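Asker: This is the structure, below, for whatever I ask next.
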Amino acid sequence: MLAELGVLALQGTGFVDLLNHAARLTAEGLQADYCKVLEYLPGEKMLLVRAGIGWGEGVVGKARVGADLASPAGFALQTGKSVISNHLENEERFRTPELLVQHGIRRAMNVILQGDGSPFGVLEVDSKSEGEFSEHDLAFLQGAANILGMAIEQQRYQRQLQAALDRHQVLLKEVNHRVKNSMQLVGSMLHLQAVSVGDPELSERLSEASIRISTVGRAYDRLAYNADYEKIDLVGYLREVLKDLEPSVSPSIIHFEATPGAIQFAADRAILVALIANELVSNAGKYAYPKRPGETIWVEVAQPDENNVSVSVRDGGVGLPPGFDPLKSKRLGARLVTALSSQLDAQLKWPSADEAGATFLLVVPLDRNPAG
Ligand SMILES: Nc1ncnc2c1ncn2[C@@H]1O[C@H](COP(=O)(O)OP(=O)(O)O)[C@@H](O)[C@H]1O
Ligand SMILES: [Mg+2]
């Protein structure tokens with residue numbers, strides 16, 4: 001039985017379930033009518049019946065017994081010494097707690113439940129029948145208490161870990177929030193400069209820079225509110241980034257489609273994909289339809305296979321100028337797109353100059369280093 005309890009503890013059985021298993025196995029092992037796990041409540045200086053077997057309605061989870069030295073359980077808790085009271089009615093060392101009187105209990109055994117830290121409480125078996133608990137019985141009860149003690153310590157440790165993790169996540173969210181705010185601030189300042197600077201060429205460059213910064217900021221916005229602090233939904237993120245782009249590509253229209261409708265993607269890599277899409281869509285907005293307002297720029301996200309995501313940007317416009325070679329282009333956009341693609345270990349298929357319109361296809365590995 002102790003082995004069974006040990007296995008249950010090691011299997012990570014839920015805490016309260018484990019306590020109830022312990023109470024059941026202990027009572028069975030000692031052929032006792034009742035067993036209970038008492039948890040010390042420092043606030044009330046009482047012992048709560050946290051789990052148990054054999055008790056009537058309204059006991060487990062509610063009833064309390066005294067934790068003072070005059071109560072058998074209290075004595076075990078405070079002295080760490082185990083207690084056997086085989087004749088509670090004649091007992092001079094202790095009073096018989098009300099709960100035991102109500103259930104007609106005549107004999108009880110108590111051992112402390114202790115992990116490494118402060119004691120958790122007491123494990124007690126009770127019986128209303130004749131007979132006596134022996135030292136051998138106490139050894140068994142102690143065995144069960146030791147196993148429970150370890151499980152209790154494990155629980156405490158896990159709770160501390162979880163608390164630390166929660167704190168960490170709150171901090172991380174706070175940092176992401178601040179990064180988002182700072183990015184937005186810088187983006188708006190650049191935008192203000194773009195609309196106030198006289199020179200149209202410079203103004204365009206400044207607003208492009210502003211859009212690039214907001215694109216990054218949006219990712220942190222999602223991280224700040226995301227459960228997963230590493231991944232974000234690439235589709236939702238791209239949809240937002242493209243929404244931000246609409247004013248700058250107007251009068252062209254962006255048509256966005258994604259299958260599947262959501263893709264969890266590492267945030268730092270999603271930012272690079274969005275920056276590339278940003279460049280390609282801005283270009284289509286600037287160059288594809290010089291004299292044709294209201295034309296469409298198609299952006300499609302798909303998963304060609306389980307290891308990759310593809311993002312295509314297509315327009316039916318004038319197409320790339322003949323002889324345009326992205327690798328030789330001195331223009332920032334082309335260089336950014338090339339650099340970011342290689343950073344992603346992504347393949348970017350450029351349209352051929354003689355193609356009608358322009359279709360760019362970016363295929364990105366879903367995970368950081370696919371085959372590495
Ligand atoms: N979708 C497109 N349709 C037609 N021409 C394009 C398209 N995208 C890019 N180009 C051409 O490629 C050139 C390089 O683009 P890019 O490197 O982004 O430079 P820019 O700073 O001009 O945007 C542009 O100047 C333009 O002539
Ligand atoms: Mg460009």
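Asker: Please determine, by comparing only the residues of the stretch 237-253 that are hydrophobic (A, V, I, L, M, F, W, C) and part of a helix (DSSP H, G or I), which one is nearest to Asp315 (Cα to Cα).
Answerer: Restricting to residues being hydrophobic (A, V, I, L, M, F, W, C) and part of a helix (DSSP H, G or I), the top hit is Val249.
Asker: In addition: In the stretch 263-283, is there at least one residue being over 20 Å from Ser341 (Cβ atoms) and hydrophobic (A, V, I, L, M, F, W, C)?
Answerer: no
Asker: Return a yes/no flag: does the stretch 262-273 have any residue that is among the hydrophobic types (A, V, I, L, M, F, W, C), modelled with pLDDT of 95 or more, more than 23 Å from the chain's Cα centre (by Cα) and not in a loop (DSSP other than H, G, I, E, B).
Answerer: yes
Asker: Would a scan of the stretch 300-314 turn up a residue that is in contact (Cβ under 8 Å) with a residue 24 or more places away in the chain, within 11 Å of ligand 1 (Cβ to nearest atom) and under 44 Å from the mean Cα position of the chain (by Cα)?
Answerer: Looking through the stretch 300-314, at least one residue is in contact (Cβ under 8 Å) with a residue 24 or more places away in the chain, within 11 Å of ligand 1 (Cβ to nearest atom) and under 44 Å from the mean Cα position of the chain (by Cα).
Asker: Okay, moving on. May I ask you to list the residues in the stretch 293-345 that are assigned to a helix (DSSP H, G or I), of a type outside the set (A, V, I, L, M) and under 19 Å from Ser248 (Cα atoms)?
Answerer: Residue satisfying the conditions is Gly333 alone.
Asker: From Lys328, Lys286, Lys291, which residue is surrounded by fewer than 20 Cβ atoms within 10 Å (Cβ to Cβ) and away from ligand 2 (no atom under 16 Å from the Cβ)?
Answerer: Lys291
Asker: Scan the stretch 324-360 residue by residue and report those that are closer than 17 Å to Val313 by Cα, in contact with a Phe, Trp or Tyr (Cβ under 9 Å, 6 or more places away or on another chain) and within 13 Å of ligand 1 (Cβ to nearest atom).
Answerer: Pro326, Ala334, Val337, Leu348, Trp350, Pro351, Ala353, Ala358, Thr359, Phe360
Asker: Kindly provide the set of residues from the stretch 185-224 that are open to solvent by 60 Å² or more (accessible area, probe 1.4 Å), within 18 Å of Pro247 (Cβ to Cβ) and within 16 Å of ligand 2 (Cβ to nearest atom), ordered by number.
Answerer: If the condition is that a residue be open to solvent by 60 Å² or more (accessible area, probe 1.4 Å), within 18 Å of Pro247 (Cβ to Cβ) and within 16 Å of ligand 2 (Cβ to nearest atom), then Pro200, Glu204, Arg205 are the ones that fit.
Asker: Which count do you get for residues in the stretch 346-371 that are away from ligand 2 (no atom under 16 Å from the Cβ) and assigned to a loop (DSSP other than H, G, I, E, B)?
Answerer: The total comes to 13.
Asker: Sticking with this structure for a sec: What's the number of the condition Glu257 fails, among (1) of a type in the set (Asp, Glu); (2) at pLDDT 95 or above; (3) within 16 Å of ligand 1 (Cβ to nearest atom)?
Answerer: The number of the failed condition is (3).
Asker: For the stretch 197-216, does any single residue satisfy the condition of being in contact with a Lys or Arg (Cβ under 8 Å, 6 or more places away or on another chain) and not acidic (Asp, Glu)?
Answerer: Checking the stretch 197-216: not a single residue is in contact with a Lys or Arg (Cβ under 8 Å, 6 or more places away or on another chain) and not acidic (Asp, Glu).
Asker: A further question on this structure: Go through (1) open to solvent by 60 Å² or more (accessible area, probe 1.4 Å); (2) closer than 18 Å to Asp137 by Cβ; (3) in a strand (DSSP E or B) for Val37 and report which single condition fails.
Answerer: (1)
Asker: Shifting gears a bit: Pull out all pairs, ordered by first then second residue, where Cβ-Cβ is under 7 Å, the residues are six or more apart or on different chains, the first lies in the stretch 79-106 and is of a type in the set (Asp, Glu), and the second is surrounded by 12 or more Cβ atoms within 10 Å (Cβ to Cβ).
Answerer: Short answer, once both residue conditions are applied: Glu89/Arg106; Glu91/Ser85.
Asker: Does the stretch 184-236 hold any residues that are away from ligand 1 (no atom under 16 Å from the Cβ), part of a helix (DSSP H, G or I) and among the polar types (S, T, N, Q), and which are they?
Answerer: The answer is Gln184, Ser188, Gln193, Ser196, Ser214.
The values are calculated or read from the model by the stated rules, or taken from the named source; none is laboratory data. This is a predicted model, so every value here is computed, not measured. A quick note on method: Cβ atoms are made from the backbone with ideal geometry, for glycine too, and the neighbour counts reach across all protein chains shown. Calculation scope for accessible area: heavy atoms of the full protein, side chains included, ligands and nucleic acids excluded. Shrake-Rupley method; radii C 1.70, N 1.55, O 1.52, S 1.80 Å.
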